[in-house]
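> Can you read through this structure? Questions will come right after.
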Amino acid sequence: MTNLLQISRLFSLKNAAIQPFISSSLLLLFTLIISISIADLLLVSSTSSDHPNPHSVESLTDPSRPFASTARRSVLALKSDPLKARFDQIRKQANDHKNLVNAYAAYARKLKLENSKQLRIFADLARTFSDLLSRPAYRQLSALDGPPIDEPTLRQLEKEVKERIKAARQLIAEAKESFDNQLKIQKLKDTIFAVNEQLTKAKKRGAFSSLIAAKSIPKSLHCIAMRLMEERIAHPDRYTDAGSDPELEDPSLYHYAIFSDNVVAASVVVNSAVKNSKEPWKHVFHVVTDRMNLGAMQVMFKTKDYGGAHVEVKAVEDYKFLNSSYVPVLRQLESANLQRFYFENKLENATKDTTNMKFRNPKYLSMLNHLRFYLPEMYPKLHRILFLDDDVVVQRDLTGLWKIDMDGKVNGAVETCFGSFHRYAQYMNFSHPLIREKFNPKACGWAYGMNFFDLDAWRKEKCTEQYHYWQNLNENRTLWKLGTLPPGLITFYSTTKPLDKSWHVLGLGYNPSISMDEIHNAAVVHFNGNMKPWLDIAMNQFRPLWAKYVDYDMEFVRMCNFGL
């Protein structure tokens, strides 16, 4: 600060004689020039004390230094050469526009514009600014000890700078819209990517939540089972079997197999089949449940007359041949890894394979789900039987199925393939050599839920043995993921007879776009999927098809407020 005051005092003394005669405006201009000079000098005065800068303020005021006289001449030149400020302004504008063009060029590289010509023009224009300012004639003018600036040279510089500035502004104006569009596109891409990430996470969480909802038991449904069981315990004499009913083994009657632990769902299947049959007394229903729900099932089917239809209720434990030494699934259930895979319902487990989430349901380990592969042994005196899932509703008489010529086939089912969907390749691992060798990946899949089985042909083809063979090979889930449909497709490969699609319409538990005409014309409608009709997540447009066969007049149903 002391040095600055010294310089100011020096110039003040030199001009003391003429100061009274200078107008106030000239004094202002003079002060401005002095300030600019001091600022420029300060910009070049930063060096260490060990290596003094010859351009420092101390050097300028020290008469012993040779540079001091040059600096004084330069300061005086600023005063005597008003074109210097104009030159500095032109040079600053040129540098500013050069930096701006370089910035746009860098931004164009970042955006990876397809128009490489535009990027090249930006680079060339920035280079012309640098070339212009680096010309010897103009570079010499910017030196402190350079020659005085002549007006023609300055005008020429100004003209060339203006031409380049005009070109730069025009190029920027043309490129601005392109840059703005690219920026919007990039922002849109970023937004889409972020939304997709959120959507993927939401789908995974939704799949996991749907799995939990599908496995849940509504409070009212649980209440009905408990009330029925309470009645069974309170009055055991009312529900004891009087003896074996000969109609249960009569092959001339129409036999149905229903395997379920849901008392209301099983009763809906029987109700709907009986109400839509022409001769109910000729129909026999074999209901199999687990030991825990056996009492509730017995009460449910003993307290109502089904138009003379015969209903047999048994527990899976009553079939003594179904043990771990004979049944591969029961043996595999003892594996800790398999139990952990099914029963650890963690989000990270559920999201590993979202396409097969439904097969992680522990019900697929239940023996009730695999009983369908043991029908000939369960009912050794029968020739034919109709298998029905507990989430179906019968809408018309089904006796026509017993009149179908099975052509020696074992399984009568409705095919589900259309286009490339529901082919064997979707259910099995065709990268495995055994699968690839034995099966056609384009073979058409079919549906479980309503299957008409020729038990005589089954015994002849030894289908249960085939099932055991493949189930043992798939202990590590390398041939197919999970569930009973893949082993069914394998077991009855080439022994399945396609039925007319009007016999069985699927998808009421997941597909809201099924035609109502198609539904009304169907013999059986199937609520396959997570949106079961007894759950809150069921689709409202389809739920009445199931609800009209619920026995709302039953005391236990009313006690539990089971309503839809």
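> Give segment 272-285 a look and list any residue that's part of a helix (DSSP H, G or I) and among the basic types (Lys, Arg), or say none.
Residues satisfying the conditions are Lys275, Lys282.
> Can you tell me how many residues in segment 467-491 are under 18 Å from Met378 (Cβ atoms) and in contact with a Pro (Cβ under 9 Å, 6 or more places away or on another chain)?
3
> May I ask you to list the residues in segment 481-509 that are among the aliphatic types (A, V, I, L, M) and over 16 Å from Trp402 (Cα atoms)?
Answer for segment 481-509, where residues must be among the aliphatic types (A, V, I, L, M) and over 16 Å from Trp402 (Cα atoms): Leu482, Leu485, Leu489, Ile490, Val505, Leu506, Leu508.
> Looking at the structure I just gave you, is Asn530 within 31 Å of the chain's Cα centre (by Cα), of a type in the set (S, T, N, Q) and open to solvent by less than 20 Å² (accessible area, probe 1.4 Å)?
no
> For segment 409-438, which residues satisfy the criterion of being at pLDDT below 95, assigned to a loop (DSSP other than H, G, I, E, B) and under 14 Å from Tyr493 (Cα atoms)?
The answer is Tyr427, and nothing else.
> So in segment 253-267, with the set limited to residues that are touching a Lys or Arg at 6+ places or on another chain (Cβ under 9 Å) and open to solvent by less than 10 Å² (accessible area, probe 1.4 Å), which one is farthest from Asn293 (Cα to Cα)?
His255
> I'm checking my understanding of the structure. Among residues of segment 410-456 that are of a type in the set (D, E, K, R) and within 32 Å of the chain's Cα centre (by Cα), which one is farthest from Leu398 (Cα to Cα)?
Arg436
> Going through segment 123-164 one residue at a time, which ones are within 12 Å of Ala94 (Cβ to Cβ), at pLDDT below 70 and open to solvent by 40 Å² or more (accessible area, probe 1.4 Å)?
Listed by number, the list holds a single entry, Ser142.
Table: residues versus (1) closer than 22 Å to Phe527 by Cα; (2) touching an Asp or Glu at 6+ places or on another chain (Cβ under 7 Å); (3) not in a loop (DSSP other than H, G, I, E, B).
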site: Ala266; (1), (2), (3): yes, yes, yes
site: Val270; (1), (2), (3): yes, no, yes
site: Val287; (1), (2), (3): yes, yes, yes
site: Asp305; (1), (2), (3): no, no, no
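> Go through (1) modelled with pLDDT of 90 or more; (2) open to solvent by 30 Å² or more (accessible area, probe 1.4 Å); (3) out of contact with any Gly (no Cβ under 7 Å at 6 or more places or on another chain) for Lys497 and report which single condition fails.
All conditions are met except number (3).
> Now for a different question. Here is a list of conditions, (1) open to solvent by 20 Å² or more (accessible area, probe 1.4 Å); (2) farther than 25 Å from Gly449 by Cβ, and Gly295 meets all of them except one; can you say which number that is?
(1)
> Same structure again: For residues that are part of a loop (DSSP other than H, G, I, E, B) and surrounded by 21 or more Cβ atoms within 10 Å (Cβ to Cβ), tally how many sit in segment 380-408.
5
> So which of Tyr549, Tyr448 is assigned to a loop (DSSP other than H, G, I, E, B) and under 15 Å from Arg372 (Cβ atoms)?
Tyr448
> How many residues, within segment 298-333, are within 20 Å of Ala266 (Cβ to Cβ) and in contact (Cβ under 8 Å) with a residue 40 or more places away in the chain?
Residues in segment 298-333 being within 20 Å of Ala266 (Cβ to Cβ) and in contact (Cβ under 8 Å) with a residue 40 or more places away in the chain: 12 in total.
> Report whether or not Asp245 is within 24 Å of Met229 (Cβ to Cβ) and either open to solvent by 20 Å² or more (accessible area, probe 1.4 Å) or touching a residue at least 60 places away in the same chain (Cβ under 8 Å) (or both).
For Asp245, the condition - within 24 Å of Met229 (Cβ to Cβ) and either open to solvent by 20 Å² or more (accessible area, probe 1.4 Å) or touching a residue at least 60 places away in the same chain (Cβ under 8 Å) (or both) - is met.
> Which numbered condition in (1) over 23 Å from Ala522 (Cα atoms); (2) in contact (Cβ under 8 Å) with a residue 40 or more places away in the chain; (3) over 38 Å from the mean Cα position of the chain (by Cα); (4) open to solvent by less than 50 Å² (accessible area, probe 1.4 Å) is the only one that Ser220 fails?
Checking Ser220 against (1) over 23 Å from Ala522 (Cα atoms); (2) in contact (Cβ under 8 Å) with a residue 40 or more places away in the chain; (3) over 38 Å from the mean Cα position of the chain (by Cα); (4) open to solvent by less than 50 Å² (accessible area, probe 1.4 Å), the one that fails is (3).
> Can you name the residue in segment 409-445 that is β-branched (Val, Ile, Thr) and either touching a helix residue (DSSP H, G or I) at 6+ places or on another chain (Cβ under 7 Å) or without any contact (Cβ under 8 Å) to a residue 60 or more places away in the chain (or both) and is also surrounded by the fewest Cβ atoms within 10 Å (Cβ to Cβ) among such residues?
Val414
> Return the only residue of Phe492, Phe542 being touching a residue at least 24 places away in the same chain (Cβ under 8 Å), within 30 Å of Ser325 (Cβ to Cβ), within 36 Å of the chain's Cα centre (by Cα) and surrounded by 17 or more Cβ atoms within 10 Å (Cβ to Cβ).
Phe492
The values are calculated or read from the model by the stated rules, or taken from the named source; none is laboratory data. Note that this is a predicted model, so its numbers are computed, not measured. Counting neighbours? That spans all protein chains shown, and the Cβs are built from the backbone with ideal geometry, glycine included. What goes into the accessible areas is simple: the full protein's heavy atoms, side chains included, and nothing from ligands, DNA or RNA. Shrake-Rupley method; radii C 1.70, N 1.55, O 1.52, S 1.80 Å.
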